[in-house]
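Notes follow once the structure below has been shown.
The values are calculated or read from the model by the stated rules, or taken from the named source; none is laboratory data. Model, not experiment: these values are computed from the prediction. Please note: Cβ atoms are built from the backbone with ideal geometry, for glycine as well, and neighbour counts cover all protein chains shown. The area values use the complete protein model at the heavy-atom level, side chains included, leaving out ligands, DNA and RNA. Shrake-Rupley method; radii C 1.70, N 1.55, O 1.52, S 1.80 Å.
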Amino acid sequence: MSFTYDDVGATRRSGFCPPGFHPLHVRTRIGEGHDVFQKASEAVLTWEMHRALGVGIDTTADRAAPDVDITVTLAGVIRAPCRVVWTVEEHRRAGLAYGTLTGHPESGEESFVVDRTGDGTVWLTVSAFSRAAKWYSRAGGPATRGLQHAYARKCGAVLRKLCGGEDAG
């Protein structure tokens, strides 16, 4: 399968959104300290956060790395194939981005990055650019984008819970 968009890897560029795509940027406070950062980073890079969201997850590797394929299944019916385009594992920053493959209801890229700021606060930032690729995504219009924002917020809530913070809502 091939990518369904041209700007592969573009989520590395903060704030970039190709013409004709819709941007998404959701930042959630996860907690504080090195241990929370380590737990959050591992949960993102090993798909634990995604699995805890309650969606189906099928991957070609236990840990995110470039060229690893992942298929997210929504409601047991909608299959969304993606491929990891980049990962980062640094002292205060860790995460991944995946891009949509043929058959995905959307076209674009989404990144999930955990960072620890200078004061020790740990954040999850979900950034994406996308546009509808299937008739039902186009028909959903703004509601589809609303679901994407809700998914990004749920990622933060679930990750916070996995790291010992407040309950996921």
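At a glance:
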{"read-out": "Euclidean distance of C-alpha centroids, segment 35-60 and segment 107-133, integer Å", "value": "14 Å"}
{"read-out": "Loop GluC sites (Glu not before Pro), segment 82-142 (other Cβ atoms within 10 Å of the site Cβ: 11 or fewer; DSSP)", "value": "Glu90"}
{"read-out": "Cα-centre dipole for the chain with unit charges at Cβ (Lys and Arg positive, Asp and Glu negative), debye to 20", "value": "500 debye"}
{"read-out": "Point-to-point label distance, Asp35-Leu74, nm (Cα→Cβ direction, 7 Å offset)", "value": "3.7 nm"}
{"read-out": "Under 19 Å from Lys39, Cα to Cα: lysines that are on another chain or at least 8 residues apart", "value": "Lys154, Lys161"}
{"read-out": "Nearest 10 degrees, 0 to 90: helix 142-162 Cα axis against the chain principal axis", "value": "30 degrees"}
{"read-out": "Fraction of alpha-carbon pairs over 17 Å apart in segment 15-102 - percent", "value": "56 percent"}
{"read-out": "Accessible surface, per residue, of the chain when the full set of protein chains is kept, probe 1.4 Å, Å²", "value": "49 Å²"}
{"read-out": "Two-site FRET efficiency, Glu90 against Asp58, from Cβ-Cβ distance with R₀ of 25 Å, rounded to 0.05", "value": "0.35"}
{"read-out": "Extent along principal axes [Cα atoms of segment 1-65; Å; largest to smallest]", "value": "39, 28, 21"}
{"read-out": "Apportionment of accessible area to carbon and sulfur, the chain, percent (1.4 Å)", "value": "51 percent"}
{"read-out": "Contact order normalised by residue count of the chain, Cα under 8 Å, 6+ apart, percent", "value": "28 percent"}
{"read-out": "Residue-span extension gain [Phe16 to Lys161] - 0.36 nm each, minus C-alpha spacing", "value": "49.2 nm"}
{"read-out": "Using alpha-carbon coordinates, inclination of helix 34-45 to the longest axis of the chain, degrees", "value": "20 degrees"}
{"read-out": "Positive minus negative residues near Val8 (Lys, Arg vs Asp, Glu; Cβ under 10 Å)", "value": "-2"}
{"read-out": "Dipole axis of segment 29-169 (+1 Lys, Arg; -1 Asp, Glu on Cβ), positive-most option in Thr100, Leu45, Gly141", "value": "Gly141"}
{"read-out": "Taking only Cα atoms of the chain, radius of gyration then Dmax in Å", "value": "15.1, 46"}
